[in-house]
Amino acid sequence: MSNSSDCAVVVLAAGAGTRMKSDKQKTLHEIGGRSLLSHSLHAAAGIEPEHIVAVVGHQRDQVSPAVDKVSEEIGREVKQAVQEEQNGTGHAVQCGLAPIVGYTGTVLVTNADVPLLQSDTLKSLVKAHEENKAAVTVLSLKLDNPTGYGRILRDADGNVQEIVEEKDASNEQKQVTEVNSGVFAFDGAVLADALTRIDSNNAQGELYITDVLGIARNDGKVVSAHIAQDPRELAGVNDRVQLAEAGAELNRRTVEAAMRGGATIVDPRSTFIGVDVKIGRDVVIHPNTQLWGATVIADRAEIGPDTTLTDMIVGEGASVVRTHGSESEIGAQATVGPYTFIRPKTVLGERGKLGGFVESKNAQIGAGSKVPHLTYIGDATVGEESNIGASSVFVNYDGVHKHQTNIGSYVRTGSDTMFVAPVTVGDGAYTGAGTVVLKDVPAGALAIKEGRQRNIEGWVEDKRPGTPAAQAAQRARENSTKQEG
Ligand code: UD1
Ligand code: CA
């Protein structure tokens, strides 16, 4: 077998996708944290072909930048070909060959709406294609319900004759359960030639790529079908129902891979994991947890229940309960939650804590430091082993600008401290409960709010007569008078 760099992959993503009924181009809809387009380009890149060409057309103002973005992600060139009018899959492939005109290696064609397709499956298609010395090999699948797919027609000897689309098929042909996945391997020269001879005499008035099979076969070329082992991998997405089905199947696979890698997933059905997420050994994931983006969960961390993390790094043995977090880091052995909102650029050190009803943003919190209850901490640094009192606010916004608060190590701030930024609290300092910190607190100082508490006796009975509070106050006063008397 020659190596796979002898091939080019043309990915079709120009179609209108009308069945989605969407303002977004079909292949930009997402499952498993990636667009359908991105899944198909990753699969193509996985076989390290010489060229990848994405064919864009319908809503290409959306699709073309999305192709560039994936190209950057996968770190290789993806050429783009434009199909101005969507005259069918055959026409799309014609357009797709333009950037690689004259290419005579193997040309693979895939549909960008087949998101579960794996690189290994493409490799096995190329292998079968080469072993059979075929001019065309279609990747086929067998389905109990083949509705909507092109049917593979074979002659009495089992040789592939042609593909007939659902809309062009006779009732008898519709009974055929072997169908076209939309993924093919072609001899580049045979493909280029056959594409000049396809026509649109069919129910949809389009140029079909599938017609290349019949043409090649009539020319006496070897045309074969490689039956996929796992038909669910080749499910096409044409509408929202199929999108959800493909999403569920992909998630089932991703969650299973995490379990096979040594993670405990308490309820696989309510756990959603994006394809780029990395999960270590002896991680425990509780129900209703979603992990997306480039999230990394280190060994022995415990996540959930009811937690959504996107682009988060969670250290070894950390615990994250009922938390919504993004673009942040949680250190080893740290604890977070329940009911914690972690916004971007939060870095919680080892053994640190962000407790219940705490919101953080752009806050670097040192090892062993704790923000345990009911606090907003934003645009701040906290040193090591400090404790922020309950119900504190880092007052970072003056209505025009955001300002920074820096808190040292071994600091203990009282409940309900307001840090009016910009402000600095030195190492080992304390603040009293209810302090509004307007100016810097030197190391080792206690900051307290000026002003004494004043009690205005009898105010409630006087100003709020007849209320339950006034009645309670009256009873208390009478009781104490009786006791005194
Ligand atoms: C196609 C196949 C069908 C196969 C099925 C597998 C044809 C004629 N039919 O049907 O045999 O069983 O896929 O999922 O090939 N596209 C373009 N330009 C166009 C039309 C389509 O780029 O002018 C792209 C679409 O964006 C899509 C792909 O080609 O990614 C397939 O098009 P779609 O309309 O979904 O074809 P199906 O009806 O699913
Ligand atoms: Ca399709």
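Throughout, read-outs are computed from the coordinates displayed, never taken from laboratory work. No experiment lies behind these values; they were computed from the predicted model shown. Cβ placement follows ideal geometry from the backbone for every residue including glycine, while neighbour counts extend to all protein chains displayed.
A few notes on this one:
- Two-site FRET efficiency, K402 against R260, from Cβ-Cβ distance with R₀ of 41 Å, rounded to 0.05: 0.35
- For the pair R452 and V101, the difference between a 0.36 nm per residue extended length and the Cα-Cα distance amounts to 117.8 nm.
- Förster radius 25 Å - calculated FRET efficiency between K123 and R232 (Cβ-Cβ, nearest 0.05): 0.85
- Average projected area [Cα convex hull, the chain], square nanometres: 34.1
- For region 293-372, the Cα-based Rg and Dmax, in that order, read 10.4, 28 Å.
- Distances between every pair of Cα atoms in region 152-225, grouped in 5 Å steps from 0 to the bin holding the largest one, split as 3, 15, 27, 26, 20, 8, 1 percent.
- A443 paired with R76, simple spin-label distance in nm, labels 7 Å along Cα-to-beta-carbon: 5.6
- For region 34-172, the fraction of alpha-carbon pairs in successive 5 Å shells from zero, as %: 2, 8, 16, 20, 20, 16, 11, 5, 2, 0
- Trypsin sites (Lys or Arg not before Pro) restricted to DSSP loop in region 3-81 with at most 12 other C-beta within 10 Å: K21
- A294-H373 pseudo-label distance in nm [points 7 Å out on the Cα-to-Cβ vector]: 3.8
- In region 194-269, Rg over Rh equals 1.21, where Rg is the alpha-carbon radius of gyration and Rh the Kirkwood radius from pairwise Cα distances.
- Largest-first principal axis extents of the Cα set of region 372-447 (Å): 32, 23, 20
- Difference of contour (0.36 nm per residue) and Cα-Cα distance, S480 to D427: 14.3 nm
- Multiplying each eigenvalue of the alpha-carbon gyration tensor of region 345-407 by 5 and taking the square root yields semi-axes of 19, 13, 9 Å, largest first, rounded to whole angstroms.
- Taking every lysine pair in region 107-259 that is 8 or more places apart or spans two chains, those with Cα atoms closer than 27 Å amount to 12.
- Each distinct pair of alpha carbons in region 2-44 adds a 1/r term; the inverse of their mean, the Kirkwood radius, is 11.9 Å.
- Annotation: lysines with alpha-carbon distance below 18 angstrom to K79 (same-chain offsets under eight excluded): K69.
- Between the beta carbons of R252 and V284, assuming R0 = 22 Å, the FRET efficiency works out to 0.70 to the nearest 0.05.
- Here is the size of region 96-149 from its Cα atoms: Rg then Dmax, 13.4, 40 Å.
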